Amino acid sequence: MRGMTRHYGTCMLFVAVGAILGGILGELMRHVDALSGLVPYLVQTYSVLNLPMVTLNLYVIQLSFGFVFEPNLMSIFGVIIAMFLFRKY
């Protein structure tokens, strides 16, 4: 049972790193003139989940929570490549 938890944790780490690196690569591609016609489609974000900010005032401390999930196409490619690498290795 413990090995399965580690397996899922490693998989989620691969997915998160793949999404982040894919998004960073997409932003770096904005400055490549040869890809100027393709890059706007790769870095356009799509709003999937947008939970508005909720503030909890406890009079001693004030906490704010919110969550926005807006992937772009490059981050999705990064997730796909990360999943492929995770399954291969």
Given the conditions (1) free of Cβ contacts under 8 Å to residues at least 60 places away in the same chain; (2) open to solvent by 90 Å² or more (accessible area, probe 1.4 Å); (3) out of contact with any Phe, Trp or Tyr (no Cβ under 6 Å at 6 or more places or on another chain), and given that VAL48 satisfies all but one, which numbered condition is not satisfied? (3)
Would you please name the residue that is least open to solvent (accessible area, probe 1.4 Å), looking only at residues in region 57-83 that are assigned to a loop (DSSP other than H, G, I, E, B) and in contact with a strand residue (DSSP E or B) (Cβ under 8 Å, 6 or more places away or on another chain)? PRO71
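Quick check on my filter: what residues within region 32-43 are part of a helix (DSSP H, G or I), of a type in the set (Gly, Ala, Ser) and at pLDDT 90 or above?
Within region 32-43, none qualify.
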Kindly establish whether PHE86 is free of Cβ contacts under 8 Å to residues at least 60 places away in the same chain, among the aromatic types (Phe, Trp, Tyr) and not in a loop (DSSP other than H, G, I, E, B). no
Is there a residue in region 8-31 that is open to solvent by less than 90 Å² (accessible area, probe 1.4 Å), polar (S, T, N, Q) and either touching a strand residue (DSSP E or B) at 6+ places or on another chain (Cβ under 6 Å) or not in a helix (DSSP H, G or I) (or both)? no
Every pair of residues 6+ apart whose Cβ atoms lie under 6 Å, when the first sits in region 59-82 and is closer than 10 Å to ALA19 by Cβ while the second is modelled with pLDDT of 95 or more and acidic (Asp, Glu): none
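The values are calculated or read from the model by the stated rules, or taken from the named source; none is laboratory data. Just so it is clear, the structure is predicted and the values come from calculations on it, not from any experiment. For neighbour counting, all protein chains shown are included, and Cβ atoms are generated from backbone atoms with ideal geometry for every residue, glycine included. The area values use the complete protein model at the heavy-atom level, side chains included, leaving out ligands, DNA and RNA. Shrake-Rupley method; radii C 1.70, N 1.55, O 1.52, S 1.80 Å.
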